[in-house]
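Engineer: Below is one structure. I have some questions about it.
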Amino acid sequence: MSVHFHPSTHDLVITIDSQRFEGSDADALESDFESLADCGPIASIQIDLARVECIDSTGVSALVSLKQRFATGATDISLQNLHPGVERVVNLLRLNRLFAIAEPMAKAG
């Protein structure tokens, strides 16, 4: 997982690098929450799930925790590049009501 904060725009980009977003990735994201407080104001959080083919309950829980942590601020949180299986889970759990779902990026070709 990689976390990049862009101070000039106050945007935070989180990229989940594994095919399965489960316990270890969720734990890493939760631990990164603590360091996010030092970033100052965050205008938006973009969670790139392009490599994630499967998400389990701990991954979902980590996403919801992130949303709850930044719910009081003016922070926009979006899920990007959802694999069809992950998108089904997101829609089934109605997470599309909590998060903005970004349109898939056009593939180079």
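Engineer: Going by how many other beta carbons lie within 10 Å of each one, how would you line up 83, 4, 10, fewest first?
Structural biologist: Ascending Cβ contact count within 10 Å gives the list 4, 10, 83.
Engineer: Roughly what would the spin-label model give for residue 2 and residue 32, points 7 Å off Cα along C-beta, in nm?
Structural biologist: 1.1
Engineer: Give me 30, 103 ranked fewest to most by other Cβ atoms within 10 Å of their Cβ, as a rough exposure proxy.
Structural biologist: Values: 30 15, 103 7.
With the fewest neighbours first, 30, 103 line up as 103, 30.
Engineer: Cα-Cα pairs above 24 Å in the stretch 2-101: how many percent?
Structural biologist: On the way: 725 of 4950 pairs.
Percentage above 24 Å: 15.
Bear in mind these aren't lab numbers, they're just calculated from the coordinates by the rules spelled out. The shown structure was predicted, so the numbers you read here are calculated from the model rather than taken from an experiment. For neighbour counting, all protein chains shown are included, and Cβ atoms are generated from backbone atoms with ideal geometry for every residue, glycine included.
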